[in-house]
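Take a look at the structure below.
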Amino acid sequence: MIRTERDLENRTILLSGGTSGVGRATALELARRGATIVILSRSEDNGRQTLEDIAGQTGNGKGECLVADLSLQSSVRRACAAFKQRYDRLDVLANLGGAIYWEKQITEEGIERMFAVNVLSHFLLTQQLQDMLKESPAARVITVGGDPRFLNNPRIDFGDIQSMNRFSGKRATMQAMYARILFGFELADRLEGTGVSSVVFHPGWVKSRLNRHSPWYLRMLSPMMNALAARDCKAGVYAASAAGIDGLNGIFIDDKLKLLPIKENFDKDAGPRLWQACQDLMTM
């Protein structure tokens, strides 16, 4: 596979989840390559500190933070409106935000929080910004996926897509992961012919704070696990910047930068069903 990279000097990249984990690692390297980085952060202070750290390590101070609570559609819409006011192009939308909650939580908008953060935020960001993407030559939407070992037989329970009826942290996590990956594939079909491509990738094991909402015994393991985890995310950077995948749509890249036929593992009617389910959960 050709691994040449795009010139990112005049490219604008918007990342959700950019203050930690996969998002931060991806943002750091893309900034190092000259891109203008815009990070969505729930905390303005955290977002500003992240950008200062990135600028200090890369010498690229072109970044900006927009405040957005990914669990709330109203907050995501405000962030998108702010982005449109400040920028005239969007070359890469990086849907990298995610969280794991081991107990069921319902947002003030009536949505289960795990599904809101891990699926609906990506859906809404893409919907709100797709016009800008279509106006930017060879734009991409990249979406963080999951380990291919868990994707041999992905099945989404459309009768309980938010895991409202029988919630467990494990079940909700798997359901959200399947839905997020399937979203990337269905998006690719809907973007066909627009010049915008949709890419899903497995980040591998990257240092993160995903366990911050986990039970205490899992949080205790986080320092040891993070000590063994990578601090970079080659797959995320590749998905966002590789010239070798220009024109490829609906692909899945693993953490070794190989293309895998994961899309074939989903039922053919699952993508449109997911899209409609997400549309039905829009609160405005």
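The values are calculated or read from the model by the stated rules, or taken from the named source; none is laboratory data. Just so it is clear, the model here is predicted, and its values are computed rather than measured. Glycine gets a Cβ as well: all are built from the backbone with ideal geometry, and neighbour counts include every protein chain shown. Remember, those area values only see protein heavy atoms, side chains included, never the ligands or the DNA or RNA. Shrake-Rupley method; radii C 1.70, N 1.55, O 1.52, S 1.80 Å.
Numbers for the structure displayed
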| item | result |
| --- | --- |
| Accessible area in square angstrom per residue, the chain, 1.4 angstrom probe | 45 Å² |
| Hits among lysines - C-alpha to C-alpha of LYS256 under 22 Å, sequence gap 8 or more where chains match | LYS207, LYS234 |
| The chain, helix-only ellipticity at 222 nm - DSSP H runs n ≥ 4, -39,500 (n - 2.57), divided by all residues, nearest 500 | -12500 deg cm²/dmol |
| Antiparallel bridge percentage (DSSP; both residues within the chain; nearest 5) | 15 percent |
| Pair LYS268, ASN152: separation of 7 Å Cα→Cβ label points (nm) | 2.5 nm |
| Prolate/oblate/rounded label for region 104-191 (Cα gyration tensor, a/c 1.5) | oblate |
| Qualifying aspartates and glutamates (Cα of each under 19 Å from Cα of LYS84; at least 8 residues distant if same chain) | GLU44, GLU64, ASP69, ASP131, GLU135 |
| Cα gyration tensor, region 1-118 - rounded (a/c under 1.5), prolate or oblate | prolate |
| Karplus 3J(HN,Hα) series, Hz, for region 254-264 with 6.51 cos²θ - 1.76 cosθ + 1.60 (x for Gly, Pro) | 8, 6, 9, 6, 9, 8, 10, x, 5, 3, 5 |
| Three-way shape label, the chain, alpha-carbon gyration tensor, a/c 1.5 | rounded |
| Ranking by accessible area, most exposed first, for SER16, SER43 with a 1.4 Å probe | SER43, SER16 |
| Rounded accessible area of TYR238 (nearest 10 Å², 1.4 Å probe) | 20 Å² |
| Accessible surface of region 50-170, 1.4 Å probe, proportion on carbon and sulfur as whole % | 44 percent |
| For peptides 18-28, 248-258, 158-168, sequence by mean Cβ density within 10 Å, most packed first | 18-28, 248-258, 158-168 |
